[in-house]
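What follows is a short report on a single structure.
Every read-out reported here was derived from the displayed coordinates using simple, explicitly stated rules and does not represent laboratory data. Just so you know, these numbers come straight off a predicted model, no measurement behind them. When we count neighbours, we look across all protein chains shown, and the Cβ atoms used for this are built from the backbone with ideal geometry, even at glycine.
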Amino acid sequence: MSAESVLPQDEAAAKAYLAAAELEAARVPGLDAVAPRPIGRVAIIGGGTMGVGIAVSAAEAGLDVVVIERDAASAEAARERVSSVYARHLKRAALSDDEKAARVARVGVTADWDTLRGCTLAIEAAFEDMAVKRDIFARLDALLPPGAILATNTSYLDIDALAATVSRPGDVLGLHFFAPANLMRLLEIVRAARTAPDALATALALAGRLKKQPVVAGVCDGFIGNRIYATYRRHVEYLLEDGAMPEDVDAALEAFGFAMGPFAVFDLSGLDIAHAMRRRRDATRDPGERYVHIADRLVEAGRLGRKTGAGWYAYDPEGKKSVDPATAAIITGERARKAIAPRAFSAADIQRRVLAVMANEGAKALAEGIALRASDIDVALVNGYGFPRAQGGPMYAADRRGLAAVLADIDEAHRVGGVGSEPAPLLVELARSGGTLGAWRRDLSRSQE
């Protein structure tokens with residue numbers, strides 16, 4: 001792929017911008033004089049992969065940690081996961097076997113919920129279901145001492161609705177970790193409508209202690225990162241249905257700087273996870289939003305990604321991927337079913353579309369107050385979603401390209417995507433005035449202080 005196909009970049013400037021943005025993300029207007037609450041014992045509710053990763057991260061930061069499971073059998077399984085994850089985590093550490101065993105012993109695992117009575121922070125890391133989380137929060141509310149923080153690791157659910165179910169909504173916030181939680185750097189801290197300032201300050205202090213990169217978000221579907229990622233996912237599927245192939249999209253975005261293209265990532269994550277999310281949203285999806293069925297057809301054919309040896313790509317026993325004619329046949333069949341005449345997309349076409357829709361959704365989140373500033377969006381997407389650091393993040397890259405050009409790309413994205421892909425009013429305003437997303441947010445932050 002030629003260098004001309006990649007959008008312009010200045011790697012040194014982008015990296016300098018991100019270094020400053022990462023420091024700024026930890027600063028929240030109005031919290032300078034707010035002292036965090038002390039963090040003593042930490043409870044992790046749920047000993048699955050995410051819960052265990054969070055527990056290991058907290059234990060390595062020197063915190064006293066207990067993982068709480070629903071019954072003795074689940075606790076034993078969680079105990080084995082802790083040992084396995086810690087073994088991998090410490091594989092390269094220059095520690096003796098006794099020292100490694102001592103590290104593992106930092107994480108207690110139990111089915112005794114009364115243990116919560118001695119905890120100052122509980123992080124719920126259970127299944128992504130509101131009824132399950134409400135039940136857990138009722139138990140946390142009853143058992144945690146006064147002043148303890150009730151946190152949820154939810155990726156999408158309404159934390160304001162969850163906070164409304166307990167007697168102390170000021171103690172409730174989101175701590176959205178990224179898998180594997182003991183390795184991934186981003187921690188999205190979600191401030192609910194009634195989160196107390198010192199609870200938020202405590203979450204920021206916790207991020208520092210865990211050596212995580214914090215980004216503070218407001219409550220909406222997907223917060224900052226998953227909200228933008230969902231838009232990205234929809235639009236790469238539109239490109240697919242309109243004429244691109246998975247390998248075309250992946251190659252274009254890898255040339256842009258992503259370590260992996262989206263379809264390779266989807267296969268790695270498992271297509272069944274996104275399929276279940278789509279089914280949960282079927283009842284509330286706007287009929288004016290374009291919906292692509294190709295991924296559903298893959299799942300229906302048992303193609304769930306790497307774990308089944310086939311998804312968007314085929315995989316050999318060693319996990320090496322290759323272009324699969326069966327996937328091409330499903331894509332072609334769906335185009336024919338909708339009478340779509342495929343068109344060609346260059347690498348630059350694909351890159352511009354992806355950048356535009358991510359920046360546009362970011363502009364909506366910024367105007368709504370979900371993100372404090374444009375740079376926070378860039379920090380989240382670079383540290384949690386693989387957006388190339390050399391490009392600075394979607395908001396920075398959009399400003400660099402010029403918002404008038406980005407708006408033209410969004411007009412096309414709206415034409416093909418329908419409801420949900422409309423140009424952000426803020427993007428329209430800035431494109432017309434010659435402003436930038438970065439400067440607008442900094443000005444707004446100063447006006448709020």
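Observations
- Lysines with Cα under 18 Å of LYS321, excluding same-chain neighbours fewer than 8 positions away: LYS307
- Reach of LYS212 by Cα under 25 Å, taken over lysines that are not fewer than 8 positions away in the same chain: LYS15, LYS91, LYS100, LYS133
- Candidates ARG306, ARG373, ARG432, ranked by Gaussian network fluctuation over the chain, Cα under 10 Å, top entry: ARG432
- In the chain, taking the dipole from charged Cβ atoms about the Cα centre, the farthest positive-side position among GLY170, ALA380, GLY243 is held by GLY170.
- Net charge of Cβ neighbours under 13 Å - reference ALA75; Lys, Arg +1; Asp, Glu -1: -2
- Taking the Cα centre of the range 41-217 as origin and assigning +1 to Lys and Arg Cβ atoms and -1 to Asp and Glu Cβ atoms, the resulting dipole is close to 560 debye.
- If R0 equals 60 Å, the separation of the Cβ atoms of GLU24 and ALA329 corresponds to a calculated FRET efficiency of about 0.75.
- Between 0 and 90°, nearest 10: helix 403-417 axis offset from the chain longest Cα axis: 90 degrees
- Most mobile listed residue (ALA192, ALA75, ALA19) in the chain, GNM with C-alpha springs under 10 Å: ALA19
- Here the residues THR436, THR154, ranked from fewest to most Cβ neighbours within 10 Å of their Cβ, fall in the order THR436, THR154.
- Dipole of the chain, positive end: most advanced residue of HIS89, ALA193, GLY40 [Cβ charges, Cα centre]: GLY40
- Mean-position separation - Cα centroids, the range 249-312 and the range 362-432, in angstrom: 22 Å
- Environment charge at GLN9 (Cβ cut-off 11 Å; Lys +1, Arg +1, Asp -1, Glu -1): +2
- Note on SER84, SER167: ascending count of other Cβ atoms within 10 Å places them as SER167, SER84, the fewest first.
- Net charge of Cβ neighbours under 10 Å - reference THR154; Lys, Arg +1; Asp, Glu -1: -3
- Rounded to the nearest Hz, the phi-derived 3J(HN,Hα) couplings of the range 298-307 under the Karplus curve 6.51 cos²θ - 1.76 cosθ + 1.60 (θ = phi - 60°) are 5, 5, 4, 8, x, 9, 9, x, 4, 5, where x marks glycine and proline.
- Folded to 0 to 90 degrees: helix 72-89 orientation relative to the chain principal axis, Cα: 70 degrees
- GNM result for the chain, Cα springs below 10 Å: residue of ARG92, ARG227, ARG70 fluctuating most strongly: ARG92
- Relative contact order (%) - the range 268-357, alpha-carbon pairs under 8 angstrom, separation at least six: 21 percent
- Its Kirkwood hydrodynamic radius, worked out from the mean inverse distance over all distinct Cα pairs, puts the range 41-217 at 16.0 Å.
- Table column - 3J(HN,Hα) (Hz), the range 112-126, Karplus curve with 6.51, -1.76, 1.60, x for Gly and Pro: 8, 5, 5, 4, 4, 4, x, 9, 9, 8, 10, 10, 7, 10, 9
- Helical contribution to [θ] at 222 nm, DSSP H n ≥ 4, -39,500 (n - 2.57), averaged over the chain, rounded to 500: -16000 deg cm²/dmol
- A convex hull fitted around the alpha carbon atoms of the chain yields 159 Å³ per residue.
- Amide H partners (placed H, <5 Å) of VAL67, local residues excluded: ILE44, GLY108, VAL109, THR110
- Estimated vicinal HN-Hα couplings, Hz - the range 269-276 in sequence order (Karplus 6.51, -1.76, 1.60; Gly, Pro = x): 6, x, 6, 5, 5, 5, 4, 5
- Beta bridges from DSSP with both residues in the range 87-206: antiparallel share about 35 percent, rounded to the nearest 5.
- Rounded to 10°, Cα long-axis angle of helix 374-385 versus longest principal axis of the chain: 80 degrees
- Near ALA196, the amide H atoms lying under 5 Å from its own belong to ASP171, VAL172; only residues 5 or more places off or on other chains count, and H is placed 1.01 Å from N.
- Loop GluC sites (Glu not before Pro), the range 280-382, which have at most 11 other Cβ atoms in a 10 Å radius of their Cβ (DSSP): GLU318
- DSSP-defined beta bridges in the chain - what % are antiparallel, rounded to 5: 30 percent
- Relative contact order for the chain: 17 percent, from Cα pairs under 8 Å spaced at least 6 residues apart, divided by residue count.
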